[in-house]
Amino acid sequence: MSNEIPNNVDLDHDQQLRRALALWHPHYLDWWREVGPEGFDASKVYLRTAISVSPEGWANYGYVQMQDYRWGIFLAPEVPDRKIGFGDHYGEPVWQQVPGDQRKDLRRIIVTQADTEPASVEQNRLLGQTAPSLYDLRNIFQLNCEEGRHLWAMVYLLHKYFGRDGREEADELLHRRSGNPDHPRILNAFNAPVRNWLDYFCFSMFSDRDGKYQLAALAESALDPLSRTTRFMLTEEAFHMFVGESGIQRIASRAADLMLQSGREDLFELGAIPLGILQKYINYWYTEALDLFGGEDSSNAATYFAAGLKGRFQEDDEPEHLALDQVYELRKPDGSVESIPLRRAMNAVLRDAYVEDCHRGLRRWNRELEHRKLDARLYLPAVCFNRKVGALAGITSDPEGHILPAEEFARRRAEWLPTEEDRLRVAAVMKPVYAPGKIANWIAPPAKGIGGKPGLEFDYVQFN
Ligand code: BYC
Ligand code: FE
Ligand code: FE
């Protein structure tokens, strides 16, 4: 089996796990065929496959038909003598098995994380039909395969540590469907349609970055196998965020060039994307991602922190690890401040780290505009804008965070968030470009290629 499924969990000697996987694997492949990337079954894609956790095992590039991708199970190397880093069990040895009283919460966290992985593949399903270049086409397929592998990583935990319940959850993960009203994915943003490449780049920038922060919080977990599997997933996540961040940067850079050349702002007429439209997509996906952190005041978050299940981003850097007798001050747009006991505010604490990280990306995009001496700037909306989950849900405000009467918000919504007309105009410029050396008009070429290959002059995908 280890020939088929690359792993460092000694699959060959784990009969129980082999049995569970032998039943699940064919269903996974059915799921991939049904809702994975559409229309490229016969194509060969220049992909990277993880075959071990060492740096060499990583740089494994070659042409693969996606359904033959070798999805594997990898844990980051064990940290000897690792101790629990926060919460009520601070300083105790980490757990190699799931304690009975933590079973329910751990299962829920793992299932929630797991559910996002196949959801994202389903959301991207049709994008191969309109890729701006072979480079971009290859990258989306790389992300799809790795999100598939992330599902494997979580299913490994369910199969290995949660017995029959775990096997049932693993089956359910292949039955829910993104956007299906009867059987939706668990978190809102993973049911939102990703209709075009602007959605997709924003999704990779903002939703995959939520992935980075959630995985980092789980990498702190007292459950050592969860910590090790999420730590390895994080090494893959870096590329996902790169795809999103550099994708938006390339769109901004192309828009800036065309604005300078033409002296116009409505770039749709030139077959490209106006900055104002890019901004609306940023507003939408950024605020969807803020909702992914859950409520600012959350008893679940407090329970997870106390029990040692989910820590803060880089918990080691915190001055202390109990988070007792402290408060988090949540600023509301009406000027009021809500004091939340720190443990209950862990979702907000994690979200704040995330927001800071997003601003780093924003500064890079704006540098493209500054360099060209354009006055226009992109921005990230206030955290109270367009929220559906948590303490700020339902507040109507403009992107700067000024409260508006609900009617005014409804009237002006189209200034700030994508409309059906915007989507149609975006769709109209997104014609596929599938020839080496060529790229669509609405995006700048990548700064460099993949695996030492050139950015554009390489057939990253071979059609058969
Ligand atoms: N949508 O106490 P609350 C990734 C529910 S992305 C719908 O405020 P809590 C990836 C919640 O379940 C990373 N429902 O928050 C990216 C609860 O329900 P009940 C994904 C939501 O429990 C791109 C209620 O509201 N990883 O990997 O602390 C491509 C009150 O909840 C939402 C994780 O999320 C929502 N947005 O939940 C591929 C890590 N938010 O109990 C992959 C695992 C909350 O009232 N998840 N609810 O029925 C968790 O750690 C936590 O469950 C949450 C916050 C972060 C989701
Ligand atoms: Fe993932
Ligand atoms: Fe990802």
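The values are calculated or read from the model by the stated rules, or taken from the named source; none is laboratory data. Here the structure is a predicted model, which means the values were calculated and not measured. Positions of Cβ are generated from backbone atoms using ideal geometry, with glycine treated the same way; all protein chains shown enter the neighbour counts.
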Among residues of segment 225-266, those that are farther than 23 Å from residue 363 by Cβ and away from ligand 3 (no atom under 16 Å from the Cβ), counted: 9
Residues that are of a type in the set (A, V, I, L, M) and either within 14 Å of ligand 2 (Cβ to nearest atom) or in contact with a strand residue (DSSP E or B) (Cβ under 6 Å, 6 or more places away or on another chain) (or both), drawn from segment 239-254: 241, 243
Here are some conditions: (1) under 26 Å from the mean Cα position of the chain (by Cα); (2) in a loop (DSSP other than H, G, I, E, B); (3) without any contact (Cβ under 8 Å) to a residue 24 or more places away in the chain. Residue 457 meets all but one. Which one does it not meet? (1)
Could you grab me the full set of residues in segment 102-152 that are under 20 Å from residue 427 (Cα atoms), more than 16 Å from ligand 3 (Cβ to nearest atom) and of a type in the set (A, V, I, L, M)? 126, 131, 134, 137
Which condition from (1) more than 15 Å from ligand 3 (Cβ to nearest atom); (2) modelled with pLDDT of 95 or more; (3) charged (D, E, K, R); (4) surrounded by fewer than 24 Cβ atoms within 10 Å (Cβ to Cβ) is the one that residue 220 breaks? (4)
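Of the residues in segment 153-185, how many are in contact with a Ser or Thr (Cβ under 9 Å, 6 or more places away or on another chain) and more than 16 Å from ligand 3 (Cβ to nearest atom)?
Residues in segment 153-185 being in contact with a Ser or Thr (Cβ under 9 Å, 6 or more places away or on another chain) and more than 16 Å from ligand 3 (Cβ to nearest atom): 3 in total.
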Sort out which residues of segment 280-295 are aromatic (Phe, Trp, Tyr) and either within 10 Å of ligand 1 (Cβ to nearest atom) or over 20 Å from residue 401 (Cβ atoms) (or both), and write them in order of number. 293
For residue 147, work out the one condition from (1) surrounded by fewer than 19 Cβ atoms within 10 Å (Cβ to Cβ); (2) touching a residue at least 12 places away in the same chain (Cβ under 8 Å); (3) within 13 Å of ligand 1 (Cβ to nearest atom) it doesn't fulfil. (1)
For residue 298: the one exception among (1) within 13 Å of ligand 1 (Cβ to nearest atom); (2) within 30 Å of residue 422 (Cβ to Cβ): (2)
Somewhere in segment 383-390, is a residue under 21 Å from residue 299 (Cα atoms) and either surrounded by fewer than 17 Cβ atoms within 10 Å (Cβ to Cβ) or in contact with a Cys (Cβ under 6 Å, 6 or more places away or on another chain) (or both)? yes
When residues of segment 89-108 are filtered for being within 27 Å of the chain's Cα centre (by Cα) and either modelled with pLDDT under 95 or among the hydrophobic types (A, V, I, L, M, F, W, C) (or both), how many remain? 2
Might you let me know whether segment 94-105 holds any residue that is farther than 18 Å from residue 140 by Cα, in a helix (DSSP H, G or I) and in contact with a strand residue (DSSP E or B) (Cβ under 9 Å, 6 or more places away or on another chain)? yes
Can you tell me which residue within segment 235-279, out of those that are over 16 Å from residue 373 (Cβ atoms) and of a type in the set (Gly, Ala, Ser), is nearest to ligand 1 (Cβ to nearest atom)? 244
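Can you give me the number of residues within segment 60-78 that are more than 17 Å from residue 121 (Cβ to Cβ) and free of Cβ contacts under 8 Å to residues at least 40 places away in the same chain?
Number satisfying all stated conditions: 2.
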Restrict the check to segment 324-336 and report whether at least one residue is free of Cβ contacts under 8 Å to residues at least 60 places away in the same chain, buried (at least 21 other Cβ atoms within 10 Å of the Cβ), more than 30 Å from residue 246 (Cβ to Cβ) and within 15 Å of ligand 1 (Cβ to nearest atom). no
Inside segment 286-309, can you point out the residues that are farther than 19 Å from residue 391 by Cα and touching a Ser or Thr at 6+ places or on another chain (Cβ under 8 Å)? 308, 309
If you go through segment 220-238, how many residues are more than 11 Å from ligand 2 (Cβ to nearest atom) and closer than 30 Å to residue 377 by Cα? 1
Kindly evaluate residue 257 against the criterion of being assigned to a helix (DSSP H, G or I) and either within 16 Å of ligand 2 (Cβ to nearest atom) or surrounded by fewer than 20 Cβ atoms within 10 Å (Cβ to Cβ) (or both). yes
For a quick check of your reading of the model, give me the residue pairs whose first member lies in segment 243-271 and is modelled with pLDDT of 95 or more, whose second is of a type in the set (S, T, N, Q) and not in a helix (DSSP H, G or I), with beta-carbon atoms closer than 8 Å and at least 6 apart or on different chains. 254/441; 270/441; 271/441
In segment 420-454, which residues are without any contact (Cβ under 8 Å) to a residue 60 or more places away in the chain and in a loop (DSSP other than H, G, I, E, B)? 437, 448, 452, 454
